[in-house]
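We did not get these values from a lab; they are worked out from the coordinates using the rules stated. The structure presented is a predicted model; accordingly, all values stated were derived computationally and were not measured. Don't worry about glycine lacking a Cβ; one is built from the backbone with ideal geometry, like all the others, and counts go over all protein chains shown.
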Amino acid sequence: MINILIGIVHWVNTNEEPSQTALTAAAARAAHLIVDDEPRIFADVLASAMLGDQAEEFLSYHRAHGTHLVLRSARAQATCRSRYTEDRLADSVRGGVTQYVILGAGLDSFGYRSGLADQVRVFEVDHPATQQRKRRLLSAARIPAPDSLTFVPVDFENDSLEERLIKGGFDPARPALVSWLGVTMYLSRAAIGQTLAVIGHFAPGTEIITDHMLPGGLRDEAGDSYVEQVAPVAAQRGEPWLTFLSPGDMSDLLVEHGFGSIEHVRQRDTVDAATWNRSDSLRPIELSCLAHATIARLHARSCISAPPSNLTRARYSFECTTVHLKP
Ligand SMILES: C[S@@+](CC[C@H](N)C(=O)[O-])C[C@H]1O[C@@H](n2cnc3c(N)ncnc32)[C@H](O)[C@@H]1O
């Protein structure tokens, strides 16, 4: 068991050290191409190279114990959220979006791998320590960063995201797609709100795709088991899960910060149903949920502070959003 957990939460971390979970998420994507069968959910063909010297060690856990609930769920989680996001990004680029902001990028390889990367300006935002390590890993793997990609070092708990993004060349007057995957659980609710407040003031039409850990009661048995096994070790090793949100909690946060057209996407719905018709151990679990939302024309702040006189504040906030909960 301890080997499996080390494969997920590698060693003691502090705020000043690069994120270990960024490595384990990349390892899960790399391992998916090795231990899982067709149909592949997501092909991150650079993940293994980006892990450098540590690739073999991480992959060995998946090779030896890949059917264990913790490891197969980590692969399902990391691949489903990336697949959903890059599919939506492709739609947005077709619709004219030219900026892609990756919050808490970790070892996300979109900018170095995707055919779409030359159609968008990519802004990789991450904790400075994690970003520095990524740049070292990229350099060691001889993977060049394209001119269209900008690294933006930000600590969500302490730094101004808006200031750093604009300094990096981001144009807040033009719509963007913002992904924020595998991060909100590591932040306080206040830090999640602060970040959403910044994005909520970007150009109308800007979309966000983010995931959040579900609280007990909304998880299934496998999700509960994953949390029971992994959360204590994550906390002990310096990256505690601080925030669990229901889809309703996430909707409230999004609406408060100006987002509408909110769609909550369960893991099983990130891909078509046929993808779960599989011969390997990958199964969708109820552990986390994705939210996809768009900045409405009216910011929530103006909805709340100045509702038209014939609407109550709650009703007007509600009318600024459409909540689609897939069954
Ligand atoms: C589990 S990794 C996810 C990485 C990537 N999004 C993925 O899906 O592979 C969590 C990421 O959140 C970032 N992160 C956590 N807390 C942060 C903070 N306070 N400020 C900036 N980034 C943070 C870490 O540096 C790390 O890259």
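Quick rundown of the values:
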| quantity | calculated |
| --- | --- |
| Any hit, region 126-134, residues being within 18 Å of the chain's Cα centre (by Cα) and at positive phi | no |
| Residue list for region 189-223, restricted to those being free of Cβ contacts under 8 Å to residues at least 40 places away in the same chain and acidic (Asp, Glu) | Glu221 |
| Among the candidates Tyr186, Tyr226, residue that is more than 22 Å from His292 (Cβ to Cβ) and in contact (Cβ under 8 Å) with a residue 40 or more places away in the chain | Tyr226 |
| Residues that are out of contact with any helix residue (DSSP H, G or I) (no Cβ under 8 Å at 6 or more places or on another chain) and buried (at least 17 other Cβ atoms within 10 Å of the Cβ), drawn from region 34-73 | Arg72 |
| Failed condition for Val154, given (1) more than 9 Å from the ligand (Cβ to nearest atom); (2) surrounded by 17 or more Cβ atoms within 10 Å (Cβ to Cβ); (3) farther than 22 Å from Thr294 by Cβ | (1) |
| Hits in region 167-190 (condition: among the aliphatic types (A, V, I, L, M) and over 15 Å from the mean Cα position of the chain (by Cα)) | Ala173, Ala176, Ala190 |
| Residues (surrounded by fewer than 24 Cβ atoms within 10 Å (Cβ to Cβ) and free of Cβ contacts under 8 Å to residues at least 40 places away in the same chain) located in region 97-119 | Phe110, Ser114, Gly115, Leu116, Ala117, Asp118, Gln119 |
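Residue-wise test of (1) under 23 Å from Gln20 (Cβ atoms); (2) within 11 Å of the ligand (Cβ to nearest atom).
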{"residue": "Arg63", "(1), (2)": "yes, no"}
{"residue": "Ala78", "(1), (2)": "yes, yes"}
{"residue": "Thr85", "(1), (2)": "yes, yes"}
{"residue": "Leu89", "(1), (2)": "no, no"}
{"residue": "Val101", "(1), (2)": "no, no"}
{"residue": "Gly111", "(1), (2)": "yes, no"}
{"residue": "Phe123", "(1), (2)": "no, no"}
{"residue": "Thr130", "(1), (2)": "yes, yes"}
{"residue": "Asp147", "(1), (2)": "no, no"}
